[in-house]
1. Can you tell me the 0 to 90 degree angle between the C-alpha axis of helix 57-66 and the longest principal axis of the chain, rounded to 10?
2. Could you compute how much accessible surface residue 58 exposes when probed at 1.4 Å, giving the result in Å² to the nearest 10?
3. Where does the charge balance sit around residue 296 when Lys and Arg score +1, Asp and Glu -1, over other residues with C-beta under 11 Å from its C-beta?
4. What is the spin-label model distance, in nm, from residue 64 to residue 269 if the labels are put 7 Å beyond Cα along the C-beta direction?
5. DSSP beta bridges in the chain, what fraction antiparallel, as a percent rounded to 5?
6. Could you calculate the contour length gain from residue 327 to residue 147, that is, 0.36 nm times the residue separation minus the distance between their Cα atoms, to one decimal place in nm?
7. Using alpha carbons only, how many degrees (0 to 90, rounded to 10) separate the axis of helix 332-341 from the longest principal axis of the chain?
8. When you take every Cα atom in the chain, what is the radius of gyration, and what is Dmax, the widest Cα pair distance, in Å?
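The values are calculated or read from the model by the stated rules, or taken from the named source; none is laboratory data. Since the structure is predicted, the reported quantities are computational estimates derived from the model, not experimental observations. Cβ placement follows ideal geometry from the backbone for every residue including glycine, while neighbour counts extend to all protein chains displayed. To get the accessible areas, we keep the full protein, side chains included, count just its heavy atoms, and leave off ligands, DNA and RNA. Shrake-Rupley method; radii C 1.70, N 1.55, O 1.52, S 1.80 Å.
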Amino acid sequence: MKMSIYLPREDSFLIQIAVKDFAKGKVLDMGTGSGIQAVTAASNKNVKSVLGIDVNKKAIEYCRREVKNKKIKFAVSDLFSKVKGEFDTIIFNPPYLPADEYAPDIALIGGKKGYETVERFLDGAGKHLNETGVIILLFSSLTGREKIDELIGNNAFVFEQVQQKGVGLMETLHVYLIRKNDLLKKLEKLGLSDVRKLTKGHRGVIYTAKYKNKKVAVKVQRPDIQVKSLFREIACLKKLQKYKIGPKLLLAEKDFFVYEFVEGKFIEQFIEKASKTKIIAVLRNVMLQCRQLDKLHLTKEEMQNPYKHVIVGKKPVLIDFERCKYSPDPKNVTQFCQYLISGKIGRLLAKKGIKIDKTKVIKLAREYKHKSDEKNFREILREI
Ligand SMILES: Nc1ncnc2c1ncn2[C@@H]1O[C@H](COP(=O)(O)OP(=O)(O)O)[C@@H](O)[C@H]1O
Ligand SMILES: [Mg+2]
């Protein structure tokens, strides 16, 4: 692949406006090319120093030869690989075009789909951005604006558009100002790092992060959902810690909590792969946890379909207690019985040579429902 020094073009002049307006303090100019943004930033009064980075050695040699400015230093680095410390401003006019056979040049092409370099950049940027720092990022409509917005959200950043310009008939250039969102700032203050969005649940957004050298999960209430259930889940998890049910709770705040990340497979994927003895041990273990919840008069709900809520690693861990609440006659054991005799799981178990006597389990579950004592529970457990 060709590696030319990127000479200033239309996109450079567009991002330059934002650099003049917003570059402050200690500045990192990623992919500095000819050094144009580094020089622009350095001319701001409130800019103290600028580090220009490029993966292309020739570009850095060129900058060192041509740019004589005491505020500016240059270094070769593939994105953040050689960068140390935090910055107040990070500028990036990235290669943002989807790969095109006719222009195979690393200074222009951002990867097969165009956004790959931006993705790698954003994944590394949080570590090098101060709490109040800003990223000034340019990209094109050809990079995919929705994708860029998604990548920003995945890193717990927020953005505002500060420049937009049409070029030619088909393309629009965008310049974003990107900052850390309030959640990320709070989490970093508590000592968490590498915060990434994992998934959106029914009512929560789950992030993963690093905390005390361990992978953790962070659950936040979804802002678009009216029902607020976070406080209930925190209360339940607190109560369940001493019974070793649910993930370990590490930190609880008003609008989020930090808990153990459970490594493993969802229960059905586990059943598909595991041996008969292991499956039986896991099902019995889940049944015992259900019994413990019953004894505590807590109903977790959805135990008749716990597909995404039982993760099996070293042992099975129940997750998602957002609907867990006090009930005089709790339903965990009976719901899990329902699950075990359902057609879908029945077929899975049959393949592994595990037969559960449906009629008998239904009968025993009825008796247990009527009288939820240890004796009736043991009868059920014996059937697994
Ligand atoms: N502690 C955790 N460890 C591993 N994965 C988790 C953890 N918490 C949540 N997840 C993943 O995120 C998904 C959604 O989490 P969940 O607690 O069910 O959120 P919601 O209450 O919004 O449904 C889960 O199905 C699971 O895949
Ligand atoms: Mg859920």
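1. That helix lies at roughly 40 degrees to the long axis.
2. Its accessible surface works out to 130 Å², give or take rounding.
3. Values: positive: 239, 242, 291, 295, 300; negative: 294.
Its environment carries a net charge of +4.
4. Result for the modelled spin labels: 4.8 nm.
5. On the way: 44 of 67 bridges.
If I count the DSSP bridges inside the chain, around 65 percent turn out antiparallel.
6. On the way: separation 180, 0.36 × 180 = 64.80 nm, distance 4.45 nm.
Full extension of this stretch gives 60.4 nm more.
7. The angle comes out at about 90 degrees.
8. Cα radius of gyration and Dmax of the chain are 27.4, 86 Å respectively.
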